[in-house]
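Read-outs: derived from the displayed coordinates by stated rules, not from any lab. A quick note: this is a predicted structure, and the numbers were derived from the prediction, not measured. Backbone-built Cβ (ideal geometry, glycine too); neighbour counts: all protein chains shown.
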Amino acid sequence: MSESPPPPTTFREGGYGWVCVACTFLMNAHTWGINAAYGVFLSYYLSTDIFPGTSSLEYAFVGGLSISCAMLIAPLATYLDKRISTRFVLNLGAILETVSFIASSFVKKNWQLFLAQGACFGFGMGLCFCGSVGITSHWFEKKRSLVNGIGSAGSGIGGLIYSLAVGKMIPELGLPWSMRTLGIICFVVNITCANLLRVPSETRAAASASVKVPTLPLTLLKRLDFVLLLAWAFFSALAYVTLLFSLSSYCVAIGLTQQQGSLASALLSLGQAFGRPAVGLLSDHFGRIFISMIASFLAGLLSLVVWIFASSAGLTYFFAIIVGLFAGTLWASAAPLAAEVVGIQHLGAALGIIWFVLTPPAAVAEAIALQLRNEVGSSKPYLRVQLFAGFVYIGSAACLAWLLVEVRRKRRVARLGTDKSDL
């Protein structure tokens, strides 16, 4: 006897879904937003040498380690979400983040910093992000890209606030109490949001009634369209992390102050706060793959034609805002694009694979950037870094251009098959 089909998922396009959008926004602000402020921490570590004997490459590794650990834990987050609950994953992530900041306030050696601010924070951030990123897609269909853009804009607002706040707190409170303050704020906000976020009851019912979908269906890797999506995500993450963690130290390298570097990082986050919802809104109207492709290309173009020539504070601030509109497209568009390519029923599994694939670029991006820097005193100390970021962003756009061609080809074949069956 064949199994009955699962009940269809109802897209309410509102109601409690907007509560989930607000919670996702706040959680992104207190995970990715605070992580974006690591550029300020990095600038402080490099200028003070607070852990003697630690190289600039090792300091950069802390920021990359946090993002790579966040991506590395994605399959486990997906598994725990299916086996236990979304709420468990989110609460565990909130607790790990808090432990990270409190532990970081007591570190005395660089390896302790790697574990606390790098690995522990990364695992907490990954659980919070992976547990929450797909929830709003289950509440909306027509506005799916828009609400994902609004939710991911939280990281831009958080990055803006915390880049400025950290730059102010460290001189006035000292590094230990700055860490403790961040830990307390994170705990209160993230625990609250973790217990408010949930998927629609119809989605849970459909999942229970349907045939079980593997946590990581590796058959997706045999599909060209999904592989192209992974390639776009890989290159986007590589360029994004390079830009995010390099901008503040770039300002110091060209003779600006550490506070001006903090402001540049904050303005980059401000650009993302406006850019991500705008990309989402345009995607819903003009095509999600097409708009993401244009945004990725513009991020690369701006790095090549503006950042390279930004030798003053004003031009650097302008670049930070304008490139921020497009730089974080990956985080706003990954879930809607995955749903479009593999279907909503495979969204969680597809995102788990995407985040896992982002582990290597997140780990090595800033280390590569530091190795590409020219010698101190050079007229353009970050020229190779700027070229690297620009061309990698353009490469990611090329992957989406190919994906767009592939998706249109599949739709054309499907229409021809439907027409023949009607004859």
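For the stretch 16-416, the relative contact order is 27 percent, taking Cα pairs closer than 8 Å that sit 6 or more residues apart in sequence and dividing their mean separation by the residue count. At an R0 of 22 angstrom, the distance between the Cβ atoms of Phe290 and Thr219 translates into a FRET efficiency of 0.25.
Charge tally around Leu90: other residues with Cβ under 12 Å, Lys/Arg +1 each, Asp/Glu -1 each, net 0.
The calculated FRET efficiency for the pair Glu172 and Arg415, based on their C-beta separation and a Förster distance of 45 Å, comes to about 0.10.
Measuring r between the beta carbons of Ile84 and Lys108 and using R0 = 51 Å, the FRET efficiency lands at 0.90.
Taking Cβ atoms as reference points and 14 Å as the exclusive limit, the residues near Ala194 contribute a net charge of 0, counting Lys and Arg as +1 and Asp and Glu as -1.
Within the chain, the cysteines lacking any other cysteine Cβ closer than 4.7 Å to their own Cβ are Cys20, Cys69, Cys120, Cys128, Cys130, Cys186, Cys251, Cys399. With semi-axes defined as the square roots of five times the eigenvalues of the C-alpha gyration tensor, the equivalent ellipsoid of the stretch 1-160 measures 35, 18, 11 Å, largest first. Taking Ile50, Ile294, Ile73 as the candidate residues, the one with maximal mean-square fluctuation in a Gaussian network model of the chain, Cα springs under 10 Å, is Ile50. Taken one residue at a time, the phi angles of the stretch 310-315 give Karplus couplings (6.51, -1.76, 1.60, θ = phi - 60°) of 7, 10, 10, 4, x, 5 Hz. Gly and Pro are set to x.
The helix-based estimate of mean residue ellipticity at 222 nm for the chain, built from -39,500 (n - 2.57) per DSSP H run of four or more residues and divided by its residue count, is -25500 deg cm²/dmol to the nearest 500. Values (i) 73, 42, 33; (ii) 65, 50, 42; (iii) 78, 63, 48 are given for comparison; Cα extents along the principal axes in Å, derived from the coordinates here, is the one labelled (i). Here each label is just a point 7 Å from Cα along the line to Cβ, and for Ser47 and Phe318 those points are 2.5 nm apart. For Ile73, nonlocal amide neighbours, meaning residues 5 or more places apart or on other chains whose placed amide H falls under 5 Å from its own, do not occur.
Under the simplified labelling scheme, the Lys142-Tyr16 pair shows an inter-label distance of 2.2 nm, with each label point 7 Å from Cα along Cα→Cβ.
Residues considered: Thr48, Thr359, Thr316. Largest GNM mean-square fluctuation over the chain, using C-alpha springs under 10 Å, is found at Thr48.
Taking a sphere under 15 Å around the Cβ of Gly151 and counting the other residues whose Cβ falls inside, with K and R at +1 and D and E at -1, yields a net charge of +3.
Highest average first, the peptides 225-232, 55-62 ordered by how many other beta carbon atoms sit within 10 Å of their residues are 225-232, 55-62. Note on Phe309 and Arg384: the extension gain reaches 25.7 nm, defined as 0.36 nm multiplied by sequence separation minus the Cα-Cα distance.
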